[in-house]
Amino acid sequence: MVLALFVLRPGASRLKSRIASAISSAVGRTVEIGSVHIRLLPWPGFDLDNLVVYEDPAFGGEPMLRASEVTAALRLTSLLRGRLEIARLDLSEPSLNLVHSSSGGWNLEALLERTARIPLAPTAKAKSEPRPGFPYIEATRARINFKNGPEKKPYALTDAAFSLWQDSENSWGVRMKAQPFRTDLNLNDTGLVQVSGTWQRANALRDTPLKFSVEWNHAQLGQFTKFITGNDQGWRGEVQLDVTLEGTPANLQITSDGSIQDFRRYDITSGQALRLAGHCDAEYSSTDHAIHGLQCAAPAGSGLITLEGDMGLPGSHSYRLELAAENVPASALAVLVERAKKNLPEDLVADGTLNGSVAIEQGPATGSKLQFEGRGEIADLRLASAANQGEIGPETVPFLLTAGNSAGHAALHEPATDKPATHPPATRGMTTRASAPGMRAPAGPHVEFGTFPVALGRAASTAQGWINRDGYELAIAGEADIPDALRVARVFGLAALQTGAGGTAQLDLQIAGSWAGRSQGTSSGFTGPQVTGKAGLQNVRITVRGLGGAVEIASADMLLLPDRVRIGKLNAKAAETLWSGTLDMPRGCGTPGACEVRFNLNANEIVLGELSEWVSPGAKERPWYRVLESSGQAGPTFLGSLRASGQLTVERLQMQSLQMQSLAAKRVSAKVSVDSGKLRISELNADVLGGKHRGEWQADFSVKPAVCSGRGSLTAISLTSLAEAMKNGGITGTANASYEVKGACPAEIGAFSLSSFMASFMTAAEGTVQFEMRDGSWPHVAIGDDAEALKVTRLAGQARLHAGTIEMKELKLESPAGRFQVSGTAALQGKVALRLTRTHGPGYTIGGTLAEPLVRPLAGAETQARLKR
């Protein structure tokens, strides 16, 4: 029969109502059991399926406890007395709801009071007695939910294991271990909460003596803040929190210790590990649900930060607190800032001492309005970095806490009044300088600091700013030496040009940033500080690596916008050229090719040879336009990856030639575009050789070999001026022409010269030229017997450029000597092979060069020709 009981587990339906009634009588709640089975091993008892303990209707309609499986072990001594007494209850995967009602009570209060009134024997009673013993209750893989009235909060405890027992005649004990959890968020590293405690029998819950110890260990700070606030605030570290509660709910003594190991921002992995720790003592009263006598202390170097006062529970908006800092070294603050702000120099040294206090109050005494009062100073603050050769201070920096209303700002400016100003004890007697007008202070609670002087070289500026829970802003106004300003910027972790620069600037800047960015309720990472405002540059000399000389800025106005930098009223000198105009550059692109630079520049005179040497110094075998190409395995150059476009005007463009005298173009204007090695010059207009040029040129250096192309027109060009530039008098008159050419850009041809570029390009280019010459002459060419120079009334036609030669077919020449058909070739080196024919009359051939032509009559012609020298 015993073996059959082991195998069959017979039901005990007749005992189900008796067991449910016993449990219901103990907890004071309606209890329902799905089924009951008898079990013998490992201990005689019952298996209860689908246990449900219903809730008091005052706390909602959802059951207080659900457990799919419950094992009830019987006390053997009670069986000998003919009674069923449960010694142990094991609940598997139960779900427990802890409900806080609108009246301020918890659903467990009535249960605890009822348990205290029932005369039960201790769980581990030593002898058999008529009184039933309190069972040892244990739950595994439990879930504990929290509700505020009918609303279920997202907070919960999962994978909980807890035990409950009666420790002695009048005391009970509890242990719990669980993982904090939120149903609306994805959390995975919230640590472990452990609770152990005891309480004793009392007539009322508020008078129940108790002692509890709560530990929250190994929580990652980012997940901890996400559990509390709903957002990962971006901080990292390991949280350790220990709280001890002792006394009665009416007068509960609270002692707590908290620490964060390796506190840092999420994207900072280097530097000295920082430990934040503090200790708090307080008293809690359930009568008014408030904490009194709060005293917290946190060491900071050789100083101390304290917090004292009274406060209600979270959400009560009732508190009176005073935060004070006494002799806190600035070096301790610097270590904290280094773990909170990226890109600070690793050798940052800070000296100085922080003293101050802040009083915060809200409640009936203030009409439920939030009030602030606080001020202090950092005395003899000095910041320095040997690596960046930057230093600021020593200066005394005053600060003031304000609620962000007019009253707070008035306190900072020290308004005139007959009543003496009241200051917190730690800051009485300190001097607070007035704020400069125009600081953009936020509307909410914040700390304002300054104004204090900042020495930037031999020049002097002033600074002031504010800090709140979301971000910070620092305003700097005054004159600064640019080298010192750049070094100080790097001390504060700001991105500054690593370049040689000299000169001064009139500053009106704001440096602002946020502690963390948020997007749709989640942390999107920290944003770096951003500099905005205006700077007037004067006598600035900038040395840029890779260029043959410095850029000298006589004056310029620089406007820093959140997304762009605009430079106006520019007056500068570079490559022996005076420049003026405007620049518009995007910010935050990271690389030269990520964004496009806009410009509108004017130059008085550009000499291409000097520009070549300045852009590509020492590169005698690399002309200036080759800087747009990639430099082999080293990757694209700065100019080769640059994206820029804008308008360029030049009063005089000087073009040297080895075979020509200096050739200059005046009033040159063009739209220039550079995009990752692709150069486009459109709307190229210029006054050249007494005429006008209109056209556009393109060059693509992103392919191998590079391709150049151009098209345009020349109007009313003086051929006489062209002949003079070519050092010969081989032609006179005026001409109009249009051209279209395309070919491989020249390879390495030495330092820039117009003739070498054109000769190399035209040798490989293909194209067409349509031209017309009027009212001119070829002074060195004479035909017929009159020995006069050949006069040209009109010469028009089309020619083809091929392999460095201009091929002409059936050009029409009108002259006093007659009308001719001209054909032949003209090499770019100056050699000609022309044929002049006509229907009636003799024809001629012209060889040699235009400077030294050789004219011969065609075979059978009677007319003699000679060379006029």
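The single residue among A379, A384, A403, A441 that is open to solvent by less than 40 Å² (accessible area, probe 1.4 Å), modelled with pLDDT of 85 or more and within 29 Å of the chain's Cα centre (by Cα) turns out to be A384. Check the stretch 91-99 and report whether any residue there is part of a helix (DSSP H, G or I), modelled with pLDDT of 75 or more and either surrounded by 15 or more Cβ atoms within 10 Å (Cβ to Cβ) or under 49 Å from the mean Cα position of the chain (by Cα) (or both). No; the residues of the stretch 91-99 include none that is part of a helix (DSSP H, G or I), modelled with pLDDT of 75 or more and either surrounded by 15 or more Cβ atoms within 10 Å (Cβ to Cβ) or under 49 Å from the mean Cα position of the chain (by Cα) (or both). Within the stretch 124-141, the only residue that satisfies the criterion of being at pLDDT 85 or above, more than 22 Å from A22 (Cβ to Cβ) and not hydroxyl-bearing (S, T, Y) is R141.
Here is a yes/no grid of residues against (1) touching a Leu at 6+ places or on another chain (Cβ under 7 Å); (2) assigned to a strand (DSSP E or B); (3) open to solvent by 30 Å² or more (accessible area, probe 1.4 Å):
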residue: L241; (1), (2), (3): no, yes, yes
residue: T244; (1), (2), (3): no, yes, yes
residue: D267; (1), (2), (3): no, no, yes
residue: A297; (1), (2), (3): yes, yes, yes
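Within the stretch 269-295, can you find the residues that are open to solvent by 60 Å² or more (accessible area, probe 1.4 Å) and assigned to a loop (DSSP other than H, G, I, E, B)? If the condition is that a residue be open to solvent by 60 Å² or more (accessible area, probe 1.4 Å) and assigned to a loop (DSSP other than H, G, I, E, B), then T269, S270, G271, Q272, A273, R275, T287, D288, H289 are the ones that fit.
In the stretch 13-53, the qualifying residues are those that are surrounded by fewer than 17 Cβ atoms within 10 Å (Cβ to Cβ), small (G, A, S) and more than 19 Å from A110 (Cα to Cα), and the one that is modelled with the lowest pLDDT is S13. Apart from one condition, P705 fits all of (1) surrounded by 16 or more Cβ atoms within 10 Å (Cβ to Cβ); (2) touching a residue at least 40 places away in the same chain (Cβ under 8 Å); (3) out of contact with any helix residue (DSSP H, G or I) (no Cβ under 7 Å at 6 or more places or on another chain); the exception is (1). If we keep just the residues of the stretch 570-585 that are open to solvent by 60 Å² or more (accessible area, probe 1.4 Å) and over 34 Å from the mean Cα position of the chain (by Cα), which is farthest from G646 (Cα to Cα)? Only one residue fits best here, namely E576. Only residues that are in a strand (DSSP E or B) and of a type in the set (V, I, T): list them for the stretch 471-486, please. Within the stretch 471-486, just I476 meets the criteria. Looking only at residues in the stretch 713-748 that are farther than 20 Å from R774 by Cα and modelled with pLDDT of 90 or more, the one that is most open to solvent (accessible area, probe 1.4 Å) is K742.
When restricted to residues that are in a strand (DSSP E or B) and either touching a Cys at 6+ places or on another chain (Cβ under 9 Å) or modelled with pLDDT under 90 (or both), the stretch 246-263 contains 5.
Taken over the stretch 259-290, residues that are closer than 30 Å to K342 by Cα and of a type outside the set (A, V, I, L, M) amount to 15. Number of residues in the stretch 135-181 that are open to solvent by less than 20 Å² (accessible area, probe 1.4 Å) and over 23 Å from E215 (Cα atoms) equals 1. Of the residues examined, D189 is one that is in contact with a helix residue (DSSP H, G or I) (Cβ under 9 Å, 6 or more places away or on another chain) and either modelled with pLDDT of 90 or more or open to solvent by 60 Å² or more (accessible area, probe 1.4 Å) (or both).
The values are calculated or read from the model by the stated rules, or taken from the named source; none is laboratory data. For clarity, every value in this text was computed on a predicted model and none was experimentally measured. Methodologically, a virtual Cβ is constructed for each residue, glycine included, from the backbone with ideal geometry; neighbour enumeration extends over all protein chains shown. Just so you know, the surface numbers come from the protein's heavy atoms only, side chains and all, with ligands and any DNA or RNA stripped out. Shrake-Rupley method; radii C 1.70, N 1.55, O 1.52, S 1.80 Å.
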